[in-house]
Amino acid sequence: MEWEGPDGRRNGTVSDLSVTGCFVLSSGNVQSGDTVNIYLPLGDGMKVQILGEVRNQAAEIGFAVRFIDPTDAQRSVIADLMSRFGESG
């Protein structure tokens, strides 16, 4: 996955995905309250973009994101990813 914040676009790994947010394992300079774009993979190089707010962060480990008003289509993608990767939500 990729994410974009104040310092630009970076790679990361999604952990603890739920319909309300996720934890992003990645280094990067973010602070609680920052707005970030999360790019979740759909396959074949396609991605869905979801706006989120950083809720807390752990330096050099990652940060928790709460999704901001995801659309029905975005929620559907999240639910599909959760079922494919065994997240319970």
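Structure values in brief
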quantity: Hull shadow area, averaged, the chain [alpha-carbon convex hull, nm²]; calculated: 5.2
quantity: Cα centre as origin, Lys/Arg/Asp/Glu Cβ charges: segment 6-63 dipole, Debye; calculated: 80
quantity: Segment 2-85 - percent relative contact order, Cα under 8 Å, separation 6 or more; calculated: 28
quantity: Estimated 222 nm signal from helices in the chain, with DSSP H stretches of n ≥ 4 weighted -39500 (n - 2.57), rounded to 500; calculated: -5000 deg cm²/dmol
quantity: Amide H within-cut-off set for D34, under 5 Å, with H built and near neighbours excluded; calculated: V54
quantity: Cα→Cβ-extended label distance, 7 Å offset, between R75 and A59, nm; calculated: 3.9
quantity: Segment 42-57 - phi-based ³J(HN,Hα) in whole Hz, Karplus 6.51/-1.76/1.60, Gly and Pro as x; calculated: 9, x, 6, x, 7, 9, 10, 9, 10, 7, x, 10, 5, 9, 7, 9
quantity: Loop sites in segment 1-61: GluC sites (Glu not before Pro), DSSP, at most 12 other Cβ within 10 Å; calculated: E60
quantity: Under 13 Å, Cβ to Cβ, from G5 - net charge with Lys/Arg +1 and Asp/Glu -1; calculated: -3
quantity: C-alpha long axis of helix 72-85 to longest principal axis of the chain, angle in °; calculated: 90
quantity: Hz values of 3J(HN,Hα) by residue in segment 19-24 - Karplus curve (6.51, -1.76, 1.60), Gly and Pro given as x; calculated: 5, 9, x, 6, 10, 9
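Every read-out reported here was derived from the displayed coordinates using simple, explicitly stated rules and does not represent laboratory data. Note that the coordinates shown come from a computational prediction; the quantities given were computed from them, not determined experimentally. Glycine gets a Cβ as well: all are built from the backbone with ideal geometry, and neighbour counts include every protein chain shown.
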